[in-house]
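Data first, discussion second: the structure below is written as structure tokens.
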Amino acid sequence: VYEHLTFGDRPHLSIASLPGMRERTVVISSAAKTFNVTGWKTGWACGPEPLIDGVRAAKQFMTFVAGGPFQPAVAYALEHEQEWVLRSRDSFDARRELLNSTLVGLGLDVTRCDGSYFICADVTSLGAADAMKFCRELPGRIGVAAVPVSVFTDNTGPWESFVRFTFCKSVETMREGVARLARLS
Ligand SMILES: Cc1ncc(COP(=O)(O)O)c(C=O)c1O
């Protein structure tokens, strides 16, 4: 879903484009991130017919269809709004830079973000070896929310001091957020 939200010179590479993979790959994506419509729940699956038959059978017994009226809007956007997508990507890139430089400025060990709208950072240097505790306290301390990376894995060991921050908020909210984060120094 982040295939258009990539930064620098590292474009998204679809597995289906690799030699011999097209016939055995289902490419799945959604409008949520590309068109900034996370509430719409409208996506698509592309692949060879026998595989898509299986996807349709499963979907039929799950949600059947969601947000039908959004589908023509997404189809239109996919065909006619690629320039908007590029502008949106550039805007995210600027917010990525703002958040990244703030976290680096705080002395955190920041993982490079080449795609998506998340930046992960090790918060040990802030005296917080337990990212879960750090994230529970952060709203009360400075009015900022972040997510401990450990909630995304069963193998929590290597991630216990890592926090995921996002830069998907408006420019004004991001400016306020980084100003508040700066108080952690
Ligand atoms: C990797 C990934 N896939 C899918 C989704 C959800 O997409 P949608 O809102 O269109 O269901 C998200 C959003 O949180 C995501 O990060």
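Every number in this text was worked out from the coordinates using simple rules, so none of it is lab data. Everything quoted here is computed from the prediction, not taken from an experiment. As a convention, Cβ positions derive from the backbone with ideal geometry for all residues, glycine included, and neighbour counts pool all protein chains shown.
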Between region 109-185 and region 1-78, the alpha-carbon center distance in angstrom = 29 Å
P(r) histogram, all alpha-carbon pairs of region 1-97 included - 10 Å bins from 0, percent | 13, 39, 35, 12, 1
Return the sequence-ordered ³J(HN,Hα) values of region 149-155 in whole Hz as given by the Karplus equation 6.51 cos²θ - 1.76 cosθ + 1.60 applied to θ = phi - 60°, using x for Gly and Pro.
-> 4, 4, 6, 9, 8, 7, 8
Quick calc, ARG112 & TRP44: beta-carbon distance into FRET formula, R0 35 Å, rounding 0.05, result 0.75
Enter the angle in degrees (range 0 to 90, nearest 10) between the Cα long axis of helix 49-60 and the first principal axis of the Cα atoms of the chain, meaning the one along which they spread out most.
-> 70 degrees
Say R0 is 22 Å: what FRET efficiency, to the nearest 0.05, do ALA179 and TRP84 get from their beta-carbon distance?
-> 0.15
Rg and Dmax of the chain, Cα atoms only, in Å = 19.3, 56
Karplus-derived 3J(HN,Hα) from phi for region 99-110 (6.51 cos²θ - 1.76 cosθ + 1.60, θ = phi - 60°), whole Hz, x at Gly and Pro, runs 5, 4, 5, 5, 5, 5, x, 7, x, 7, 7, 9
When the chain is modelled as a GNM with alpha-carbon springs shorter than 10 Å, which of SER125, SER88, SER17 fluctuates the most?
-> SER17
Angle in degrees between helix 70-80 and the longest Cα principal axis of the chain, rounded to the nearest 10 | 90 degrees
Would you mind telling me which residue in GLU137, GLU49, GLU81 has the biggest mean-square fluctuation in a Gaussian network model of the chain, where springs connect alpha carbons within a distance under 10 angstrom?
-> GLU49
Measure nothing but the geometry: give the 0 to 90° angle between the long axis through the Cα atoms of 131-142 and the longest principal axis through the Cα atoms of the chain, rounded to 10°.
-> 70 degrees
State the dimensionless ratio Rg/Rh of region 1-49 (Rg: radius of gyration of Cα atoms; Rh: Kirkwood radius).
-> 1.03
Restricting to lysine pairs 8 or more places apart or on different chains, what number in the chain have Cα atoms under 28 Å apart?
-> 6
